[in-house]
Number of protein chains: 2
Amino acid sequence: MHKLTHYRLCPVSRSIRVMLAELEVKVEAVEETPWDLGLTFLQLNPAGELPVLEIDAGPVLCGSYAISEYIAEELKRHPVDGLSVPLFPGNREDRAEVRRLVDWFQGKLNREVTRELLHEKVYARLNPGNSGHTPDADILRAIRANLRYHMSYVGYLAHGRRWLAGEDMSFADIAASAHFSTIDYFDEIPWEEYPQTKDWYARIKSRPAFRPLLADRIPGTPPPRHYNDLDF
Amino acid sequence: MHKLTHYRLCPVSRSIRVMLAELEVKVEAVEETPWDLGLTFLQLNPAGELPVLEIDAGPVLCGSYAISEYIAEELKRHPVDGLSVPLFPGNREDRAEVRRLVDWFQGKLNREVTRELLHEKVYARLNPGNSGHTPDADILRAIRANLRYHMSYVGYLAHGRRWLAGEDMSFADIAASAHFSTIDYFDEIPWEEYPQTKDWYARIKSRPAFRPLLADRIPGTPPPRHYNDLDF
């Protein structure tokens, strides 16, 4: 069986978990704590980044880019009947749009919001070398201001299109919703102000592939009530 | 003709310039200053990031990921005789390795070294709202420490393989060398301590596709003498 090394609230890991669940690919999941990566993990991925997917009797795939494109190539060679989610659907131009948005969410949104939020709210607190950490109010303010811009942009996309990159659901939707799910765990999303973003997220959130994410918890920090409510 | 919007020292822009030159794709190049992007550019790429490639009578491609994969798909459909640089050569596993490394250089190396260095040495200084900026010594020290790790890692790859991702030159070599060229412009690379990294870089640097990068200059900050010396 393939083996996925992830951290439960890591948004990039989450995007791969949802992707694999959508494609009905079974994996053994192993957790690593990003603030204290073991030597064994660093030998697997010297970049020190999650997630890593070890293909059964195959290569070690490090990071969302290598994993998603590898799986997409595999699906092209061996299409699976009944699967409704091609990762990069459409023609070359459509795929370029999916990739632009994947880059946006895994890159820009992560850098400006999700990674910083996780650092302030989890990594710095759970790191034993750093006990007593309290989130920095100025950083949180900047994160919240950045988030509003991303919320509007997703709302704008969701208003004009059925899914974020076009008519079909794609890896762009998976990546975006994975990040929003992590941000929502900390009750940081003003959903009511962005009804179009909320409608789009509600559609993804109700998919069976999303359910495992909604069951995740971290010690000492419960999510808000609406976190796993499909009718939030 | 296609139109490439770039900034001369932006490492990601440079990777696309070298890629297009290797593939003998002619483009009209237009510069934007990353610290003062115009509204017209933001309409083109709301992410506010370089580079952007506008395909003649085709889509607008934003960012290295969308551009490189689009061009690779195009090359697969219409192979060009005599070109020695497939961007993602080999089998699926080989391509996953190229993509892992592209992610390393455009993501990790950029975040830990190139982007910060450019900010300290150029963007903060040339930004008129920020005149009198001098680089922060602590930040420069951190950048230099990070750089050594990347230099060793590239040396390790170059020692065991002909090119960074394997037997063939790939987009991973192009991305890595684009970043190193920007860092080298500021004379920040201790080449003599990393002979294997230097040998690999010398091979890329002497390719005709690399020459335009070596002719670039920014006002007030000349590169060191060895910057455009092929026998450095």
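Key figures for this structure:
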| read-out | value |
| --- | --- |
| Directionally averaged shadow of the stretch B:2-77, computed from the convex hull of its alpha-carbon atoms, nm² | 4.8 |
| Subset of A:Lys121/A:Lys205; A:Lys205/B:Lys108; B:Lys26/B:Lys76 violating a 27 Å alpha-carbon distance limit | A:Lys205/B:Lys108 |
| Rounded to 5, the percent of DSSP beta bridges in the protein assembly as shown classed as antiparallel | 60 |
| Order of B:Trp163, A:Trp35, A:Trp104 - criterion: other Cβ atoms within 10 Å of each residue's Cβ, fewest first | A:Trp35, B:Trp163, A:Trp104 |
| Backbone N within the stretch A:136-156 under 12 Å of label point (7 Å from A:Asp199 Cα along the Cβ vector) | A:155-156 |
| B:Ala142-B:Asp231 FRET efficiency (beta carbon distance; Förster radius 35 Å; 0.05 resolution) | 0.65 |
| Sequence-separation-based contact order of chain B, relative, with Cα cut under 8 Å and 6+ spacing, percent | 22 |
| Interchain or long-range residues, amide H under 5 Å from B:Trp163's placed H | B:Asp168 |
| Copy-to-copy label separations for B:Gly132, where each label sits 7 Å from Cα toward Cβ, in nm and ascending | 3.7 |
| Considering only the stretch A:2-77, percent of DSSP beta bridges that pair antiparallel, nearest 5 | 55 |
| P(r) weight above 32 Å for chain B, C-alpha pairs, percent | 16 |
| Within the stretch B:157-191: backbone nitrogen closer than 19 Å to the B:His133 label point (7 Å, Cα to C-beta) | B:182-188 |
| For B:38-46, mean number of other protein chain Cβ atoms within 10 Å | 1 |
| Chain B - share of DSSP beta bridges that are antiparallel (%, nearest 5) | 60 |
| Over 20 Å [Cα-Cα, the stretch B:60-128], rounded percent | 48 |
| For A:Arg225, inter-copy label distances in nm, listed shortest first [label point 7 Å out on the Cα-Cβ vector] | 7.4 |
| The stretch B:106-232: Cα Rg divided by the 2.2 N^0.38 Å rule of thumb | 1.07 |
| Cα Rg over Rh - the protein assembly as shown, Kirkwood | 0.94 |
| Pseudo-label separations to other copies for B:Ser206 - Cα-to-Cβ vector, 7 Å, nm | 6.4 |
| Separation between Cα centres of the stretch B:1-70 and the stretch A:176-203, rounded to whole Å | 31 |
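All of the numbers you see were taken from the coordinates with simple rules; none came from a lab. Fair warning: this is a prediction, and the values are worked out from it, not measured in the lab. Quick reminder, even Gly has a Cβ in these numbers, built from the backbone with ideal geometry, and neighbours come from all protein chains shown.
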